[in-house]
Structures are given as C-alpha cells and as structure tokens.
Amino acid sequence: MERPAKSRTLRVFFALVPDVATQALLGVLARDVALRAGGRPIVNANIHLTLAFVGEVDPDRIDLLREIVIALPREAFVLTLDCVGTFRRAEIAWIAPSHAPAPLLELQSHLAAALAKDDFRIEERPFHAHITLARRCTRNIARARAIPLEWRVGRISLLASIAGNGGVCYRELAGVSLFET
Ligand code: 2AM
C-alpha cells in the first residue's frame, strides 16, 4: 500500500517584530556593530526579538501555536534597548535592554507555560532578551551602554524561518497587535 507523503516540518518561533522605522534604526546599528565585530549584519526586515524558539513542528500542530498567540496577554509596553555586546560562543552581536520590563517577562513566562502545556519543548535556559544584530562575528566587542532606543512593542508574532538562496527570511503565520483595545 502506498504511504502518504510525509508532510514537511516548519521551523518556527515566537518573536516581537519591531515596526519598520524601528527596524531601520536598528539596521543602521547592526551595520556599525557588524563592522566592529567582524560579522554579517542582519537585514532590517529580519530584525526581531525571540520570545521562544520552538524549532521543527509538523504542519498539523501549527494551529495549536496560532491559538497560543491569540490567547497571550496583550499589554503594549516600551522596551528601552540600551546595551550592546557579543555572545562569543554563538558568534553574534546583540542589543538588549539592561532592564527587562515586567510585561516582557510576564509575556515570555506565559508563553513558555502555554507551550509546555501543549507539549512543545523549548529551551530550559533562562530567558535573556536580546535582538541579534550581526552573525558570524569574529571579534568580541566589550559589553557597553548604547544610546537608548525606545521601542514601543506593538505586535507578537509566530514566525516560520524559511531558508532560501538569498539567506533566511521569516513568514508570519499568526500575530496579534498590542495596540488594539
Ligand atoms: P539568536 O538570534 O540569538 O540566534 C530564529 O532562528 C530565532 O530563534 C533567532 O532569533 C535565534 O536566536 C532564536 N533561537 C533560539 N534558539 C535557537 C536554536 N536552538 N536554534 C536556532 N535559533 C534559535
């Protein structure tokens, strides 16, 4: 008997994606940091903050993840990005908030709990909120204060990572606005 073709998995994660203007500001910084760290800057459209990396998921489980996004708390908040540095082992340069605000931490822990409840396995390492600005960095840059960038966080997205010839791009599978009442 012929077996049905195995459906292809999707590589997915939950993220906060800045508005285009904030991505453009971060993109300028990414190019500067990449030069200093000897790495490759992230293109503006790919700039995001990961809340939870889920990894490879069967397409028939994606609706469960969509439901999780929809049920998340929807409190808009401001994230002050004011610290840059590198993660040596991951070879990335990043920008991060020196203080993670309560709504961000609540959102991330809510998400982690919802994923665990539905048997999605995510990293058990503590959450370190950061935005990757450059990859394949060959030099470390000292952790330092950056000119603070105030990001009004307005959207939570479930993204699929799509690998192509021109590099990776992200497709939103579901998202909720934090600005709607
Ligand atoms: P990073 O930027 O710190 O590398 C998509 O790959 C997003 O998921 C990236 O923001 C990446 O974080 C994050 N991520 C977290 N854990 C990952 C893993 N095990 N493999 C790939 N990406 C991971």
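Summary of computed values
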quantity: Dipole of the chain [Lys/Arg +1, Asp/Glu -1 at C-beta], most positive-end residue of F127, I95, N140; calculated: N140
quantity: Integer Hz, Karplus 6.51/-1.76/1.60 couplings in order for the stretch 28-36, x for Gly and Pro; calculated: 4, 5, 4, 5, 5, 5, 4, 4, 5
quantity: Principal-axis tilt of helix 102-117 within the chain, Cα atoms, nearest 10 degrees; calculated: 30 degrees
quantity: Linear extension gain, V20 paired with H99, 0.36 nm per residue minus alpha-carbon span; calculated: 26.1 nm
quantity: Distance between modelled label sites at N165 and R145, nm, 7 Å Cα→Cβ extension; calculated: 4.8 nm
quantity: Relative exposure of T86, T138, judged by other C-beta atoms within 10 Å (fewest first); calculated: T138, T86
quantity: Charge dipole (debye, nearest 20) of the chain; +1 at Cβ of Lys and Arg, -1 at Cβ of Asp and Glu; calculated: 860 debye
quantity: The stretch 60-131: radius of gyration over Cα atoms, expressed as a fraction of 2.2 N^0.38 Å; calculated: 1.28
quantity: When the convex hull of its Cα atoms is projected in every direction, mean area for the chain (nm²); calculated: 12.2 nm²
quantity: At R0 = 22 Å, FRET efficiency that the Cβ-Cβ distance of H110 and F87 yields, to 0.05; calculated: 0.30
quantity: Cα centroid of the stretch 121-181 to Cα centroid of the stretch 23-75, whole Å; calculated: 3 Å
quantity: Check: the stretch 85-181 dipole with +1 on Lys, Arg Cβ and -1 on Asp, Glu Cβ, in debye; calculated: 580 debye
quantity: Two-site label geometry, R136 and A71: point separation in nm, points 7 Å out along Cα→Cβ; calculated: 4.1 nm
quantity: Mean Cβ count within 10 Å, highest first, over the residues of peptides 57-63, 127-133; calculated: 127-133, 57-63
quantity: Percent of Cα-Cα distances greater than 18 Å, calculated over the stretch 97-172; calculated: 62 percent
quantity: Exposed GluC sites (Glu not before Pro) absent - longest run of the chain, DSSP non-H/G/I/E/B, at most 14 other C-beta within 10 Å; calculated: 3-74
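Laboratory data are not the source of any read-out in this text; all were calculated from the coordinates shown. These figures come from a predicted structure and were not determined experimentally. Ideal geometry is used to build each Cβ from the backbone, glycine not excepted, and the neighbour counts take in all protein chains shown.
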